[in-house]
Amino acid sequence: MYLAEADKEIGAVAQDKAAAKPRPSDRWQDFPYSILSHHGRACCEVAREWVLAMDFAQLNGADRLSGPRWLRQKYEWGPSPWPMHWCEAVTRKTIDCGAHAALAHAAFGARGLTAYPTQLVQVYSEDATEQWRGKWARDDVSCHWLDGAHIYHEATALLVGDDEVKIWDASAGSWIPPRQAGGYGSLAAIRIFAPESSGGGDGLRWGERRLKPNLWNQI
Amino acid sequence: MKIYISGLYCGGNPQPGVGIARSLREGYPEATLIGVEYSNRVSGIHWQGLDDLWIQRPWNELDLESYAGKVRRVLDEGGLWISGSDLEAMWLASLFPGGHAGLLAPPPDALKRIAKPAVPAHAGLPVRIPTYVATDLPDWDLHAFCRANDWRVWLKGPYYDAARTPTWDSFVAARNALTKVWSTERLFLQAHVSGYEESVMLCAYRGELLGCVSMRKRDITPEGKTWAGDVSPVDPAFEAPLRRIVRELNWTGGGELEMVRDPGGQLWLLEVNPRFPAWVHGATIGGYNLPALLVQGASGARAVKAEARAAEFTRVVLEVPVRDDYPLPPLPEPFAGAVGHSMKHPSGLTSLAQRLHKSNPELLEIVGEPAGPAAGGKPAVPDTFIADIAAYDLETVQTPRFLYLESTASGLFKRAAERSRRLGTDEVQVVSGYSIKTNPDERLIRLALENGFYAECISLLEAQKALQIGFRPDQVILNGPAKWWPEGLMPKERLHAVFCDSVADLDRCVAMAAGDLASRHVGIRLRTPNVVSRFGIPLDSPQTFSKLVEAVGRLPDEAAFGVHFHMASSNIGVAQWWHLFESMLKWCRSIERLTGRTIEILDMGGGWFPDDWHAEDESRFSRAVETVKALLPAVRQIVSEPGKAMAQPSMALAMRILEIQEHEEDHVEAVVDGSIAELPMYAFQPHRILRQCGETGALQPLGRGKTHLMGRLCMEHDIVASNVALPEGTRAGDVLIFCDAGGYDRSMSYVFGRG
């Protein structure tokens with residue numbers, strides 16, 4: 001059996017089961033995506049200008065569609081308190097996925113590209129989330145993003161055609177592959193905050209999938 | 001069924017033989033799999049899935065004629081042969097030009113049509129070929145190719161091996177090494193394409209595509225080879241033309257198209273391999289057993305249907321027992337005093353390459369080579385160089401000596417001045433700056449003055465020299481970290497511009513502005529944040545940027561504000577320089593917004609290679625001026641500082657041959673009375689070299705060859721040029737002229753070895 005056929009069968013079974021069970025994204029149904037606050041003063045303006053100018057510099061002449069990998073190199077992924085202002089985000093050594101995604105979103109926008117805030121639910125393991133829970137607790141930061149073996153995560157959807165997107169995981173420094181086979185680190189659900197009319201009402205194309213904007217799409 | 005499988009090497013850059021054997025075992029559990037190898041040092045021979053081994057002597061020892069007879073016999077007896085080595089596949093193709101039912105490898109014509117880098121057969125596929133040149137072009141042209149591609153280039157061997165060559169000296173070293181290994185100068189330089197690597201593997205029998213599969217690399221070795229990947233069906237838009245090409249090539253055997261997908265989604269074809277790739281069994285795990293499909297197509301015997309077990313695969317390191325009848329050979333002794341054991345190519349593949357070149361030289365032709373100077377050709381030397389040099393009586397010139405090329409120099413300055421005038425508008429004046437450090441020769445500084453240049457000075461000594469030659473103080477621009485050195489030489493009159501190299505320098509400037517410093521413009525030099533530099537105020541963190549913004553606020557209001565940035569385009573490449581330019585304008589705009597100070601002067605440079613500066617399309621400069629106007633509307637003057645583009649062509653270095661030593665295999669060492677003391681840029685750029693013919697006096701450019709020009713110094717690295725060809729009749733006493741020596745060669749030359 002070729003893989004495409006196997007995928008179809010697995011997908012069909014999963015859809016049936018999904019209808020009967022609570023969905024991994026339910027916990028974050030009304031959860032907003034992260035936005036950096038602005039003090040309205042020079043501190044935040046300097047920070048914002050620095051990020052945008054540095055992003056263009058770091059392109060080194062490469063394609064504008066390249067992922068802003070430098071942000072992950074500059075800022076480790078880890079706990080960070082919210083609300084967060086621009087001036088705080090850029091001076092921290094560690095920022096979480098929400099801050100990473102917000103910076104990447106701003107960078108793509110400054111390059112003249114269209115990008116959408118994106119929320120993800122990923123599957124890891126109880127062992128992994130226990131470790132993260134401890135780390136976040138030690139920094140006295142909320143663990144709202146952990147739920148059993150599932151985690152809430154943020155990324156950025158980049159429009160690369162009329163209705164096609166690529167998903168940039170800024171805190172991993174990589175693009176998320178549209179083909180998902182389940183398992184540790186895989187994607188369980190995705191929600192892209194984009195105009196309802198995206199894709200002429202059919203949603204945004206991500207690999208072989210169509211993703212309805214502003215709704216949790218189960219993978 | 002007997003299937004012979006070669007290419008069993010299993011190091012970090014493995015061959016596919018073991019993967020082919022594993023896949024065939026799944027497709028044909030009863031088949032007899034015989035591993036073919038040419039060295040008992042190749043670890044894949046110990047793979048237990050092989051039923052038998054056929055170990056030959058290494059290619060450098062092998063009697064090809066008798067071995068060919070044996071291969072023919074096993075094929076005639078019904079054996080099938082799947083080659084896992086490009087060179088072996090080429091040899092087999094030459095052995096059976098009309099093919100053989102049992103030989104599952106491509107025919108000779110197909111191999112020609114997939115020759116890299118052009119891969120003529122690719123037409124119709126949705127791919128592009130990265131730009132390339134053959135390395136038997138003159139060094140001058142190869143250096144230009146590297147600059148044009150931002151030094152993101154690969155030097156590639158005719159079959160295997162590739163080296164990143166981000167600098168000129170690394171290119172020369174890699175070229176020497178690859179030339180030696182592969183016994184040919186027919187290498188090629190290819191532009192790097194950034195992106196994600198993916199491949200399409202195929203199998204075909206007599207022009208019929210039997211199967212194909214896509215693979216994206218998901219983990220790679222330090223050499224960039226696949227360690228893990230995912231497999232998926234080939235896009236129908238790719239498969240349709242592939243099927244047609246396979247038919248046209250009458251392809252038989254496995255094959256692989258290695259590609260890179262850039263961030264915009266474009267596929268770039270790097271090469272087509274005439275064999276299965278080493279990850280072949282990864283695809284079998286994904287349900288695509290192409291070796292079994294190939295054998296099924298050739299033999300008609302039905303293979304066990306492949307089951308997809310996973311869409312992704314990875315490698316692990318396994319220890320396996322060594323076969324009793326092939327005990328491990330001892331490690332060779334390290335060369336005395338050396339580190340490590342040199343054991344590359346244990347099966348003597350490089351020797352096979354050498355033997356194939358001799359029997360079939362057209363294998364090394366680089367098909368589809370873009371038009372350019374003739375292979376092995378000599379660099380084009382401008383007529384003005386020849387005319388200026390011919391004006392010297394070289395017979396009587398005391399060597400080594402720099403020759404000033406008068407008409408060349410005056411032409412360069414005149415053209416630069418005219419271009420600046422053309423680029424200027426009513427709102428924005430464009431002027432040129434002459435960087436005195438590139439060559440402080442009075443004749444050049446005077447030419448700069450006469451052509452309306454400003455004097456760019458990095459010390460007060462340079463400023464004083466400019467003033468002595470006739471520049472007014474308001475034509476002097478001071479920049480650099482030591483611009484106030486030495487004390488006591490500061491002009492009393494108002495300067496044109498001063499650019500601060502650090503925040504401390506800026507504060508010093510602020511203090512001086514209250515005293516004896518008068519300058520129409522006071523600004524800052526920005527340090528390039530993405531290219532390593534020691535100059536200017538850094539931008540590398542929000543904190544340093546914030547300090548810069550605060551510091552600009554302290555600058556005196558009486559002086560107009562400006563920004564200076566400088567990076568050698570010859571080092572980072574032309575396209576990257578233009579990106580840097582655009583990036584710097586964005587930083588400038590941010591500084592304007594955050595400080596409230598508008599930028600009135602923009603000073604940008606430099607280090608342009610002469611050909612890039614003088615040949616660059618003027619519309620590119622026009623667009624740059626328009627961009628400045630759009631982003632920084634308060635700018636009233638752009639100072640363009642071409643750096644060595646003005647000085648480098650203006651002088652040549654004459655030297656004499658003292659002695660010619662002939663060595664084995666046509667290698668020649670010629671000792672000259674010049675040296676790296678007069679040519680300190682020898683490692684950074686090639687020089688076009690002329691020899692004056694002793695009989696006719698004509699100036700002859702030197703092409704590439706096997707001569708090394710050894711400097712007069714007793715210094716091991718005093719080699720002023722490598723791999724040049726001395727014209728017939730060259731003898732001791734002849735004069736060689738190194739062109740392109742008027743920039744840092746001249747200004748950084750030093751007295752050495754003269755007593």
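Miscellaneous remarks
- Residue count for the stretch B:217-233, restricted to those that are open to solvent by 80 Å² or more (accessible area, probe 1.4 Å), in contact (Cβ under 8 Å) with a residue 24 or more places away in the chain and within 14 Å of chain A (Cβ to nearest Cβ): 1
- Counting only strands (runs of 3 or more DSSP E) that sit completely within the stretch A:144-219, those holding 2 or more residues that are closer than 24 Å to residue A:82 by Cβ correspond to A:150-159, A:165-169, A:186-192.
- For the stretch B:509-526, the candidate set comprises residues that are at pLDDT below 95 and not aliphatic (A, V, I, L, M); within that set, the residue that is surrounded by the most Cβ atoms within 10 Å (Cβ to Cβ) is B:509.
- For the stretch B:687-701, a tally of residues being modelled with pLDDT of 95 or more and assigned to a loop (DSSP other than H, G, I, E, B) returns 2.
- Residue check for residue A:103: open to solvent by less than 10 Å² (accessible area, probe 1.4 Å) and either under 21 Å from residue A:189 (Cβ atoms) or under 19 Å from the mean Cα position of the chain (by Cα) (or both): yes
- Looking only at residues in the stretch B:702-755 that are in a loop (DSSP other than H, G, I, E, B) and of a type in the set (S, T, N, Q), the one that is nearest to residue B:395 (Cα to Cα) is B:730.
- Across the stretch B:647-668, a minimum of one residue is classified as open to solvent by less than 10 Å² (accessible area, probe 1.4 Å) and either within 14 Å of another protein chain (Cβ to nearest Cβ) or within 30 Å of residue B:521 (Cα to Cα) (or both).
- The condition (being modelled with pLDDT of 95 or more, surrounded by fewer than 20 Cβ atoms within 10 Å (Cβ to Cβ), closer than 25 Å to residue B:445 by Cβ and aliphatic (A, V, I, L, M)) is satisfied by just one residue among B:478, B:461, B:495: B:461.
- The set of residues in the stretch A:39-71 being closer than 27 Å to residue B:150 by Cα, part of a helix (DSSP H, G or I), of a type outside the set (Val, Ile, Thr) and open to solvent by less than 60 Å² (accessible area, probe 1.4 Å) consists of A:50, A:52, A:53, A:54, A:55, A:56, A:57, A:70, A:71.
- Among the residues of the stretch B:95-120, the ones that are open to solvent by 10 Å² or more (accessible area, probe 1.4 Å), part of a helix (DSSP H, G or I), in contact with a helix residue (DSSP H, G or I) (Cβ under 6 Å, 6 or more places away or on another chain) and in contact (Cβ under 8 Å) with a residue 24 or more places away in the chain come to 4 in all.
- Residue in the stretch B:234-242 that is part of a strand (DSSP E or B) and crowded, with 16+ Cβ neighbours inside 10 Å present: no
- Applying the condition of being open to solvent by less than 70 Å² (accessible area, probe 1.4 Å) and under 30 Å from residue A:149 (Cβ atoms) to the stretch A:27-38 and asking which residue is nearest to the chain's Cα centre (by Cα) yields A:34.
- Test: residue B:191 is under 15 Å from residue B:271 (Cβ atoms) and small (Gly, Ala, Ser): yes
- Subset tally (residues that are aromatic (Phe, Trp, Tyr), touching a residue at least 24 places away in the same chain (Cβ under 8 Å) and facing chain B (nearest Cβ under 9 Å)) for the stretch A:55-85: 1
- Which listed residue is within 34 Å of the chain's Cα centre (by Cα), modelled with pLDDT of 85 or more, open to solvent by 40 Å² or more (accessible area, probe 1.4 Å) and within 30 Å of residue B:32 (Cβ to Cβ), from B:316, B:320, B:304: B:316
- Residue B:577 meets all of the listed conditions (1) in contact with a strand residue (DSSP E or B) (Cβ under 8 Å, 6 or more places away or on another chain); (2) buried (at least 23 other Cβ atoms within 10 Å of the Cβ) but one, namely (1).
- Unique match (being within 12 Å of residue B:528 (Cβ to Cβ), at the interface with chain A (Cβ under 9 Å from one of its Cβ atoms), out of contact with any strand residue (DSSP E or B) (no Cβ under 7 Å at 6 or more places or on another chain) and buried (at least 20 other Cβ atoms within 10 Å of the Cβ)) among B:590, B:583: B:583
- For the stretch B:52-75, the set of residues classified as among the charged types (D, E, K, R), in contact with a helix residue (DSSP H, G or I) (Cβ under 9 Å, 6 or more places away or on another chain) and either assigned to a strand (DSSP E or B) or closer than 21 Å to residue B:103 by Cβ (or both) consists of B:72 only.
The values are calculated or read from the model by the stated rules, or taken from the named source; none is laboratory data. Model, not experiment: these values are computed from the prediction. Because the Cβ atoms are built from the backbone with ideal geometry, glycine has one as well, and the counts that use them run over all protein chains shown. We work out accessible area using only protein heavy atoms, side chains counted, and drop any ligands, DNA or RNA first. Shrake-Rupley method; radii C 1.70, N 1.55, O 1.52, S 1.80 Å.
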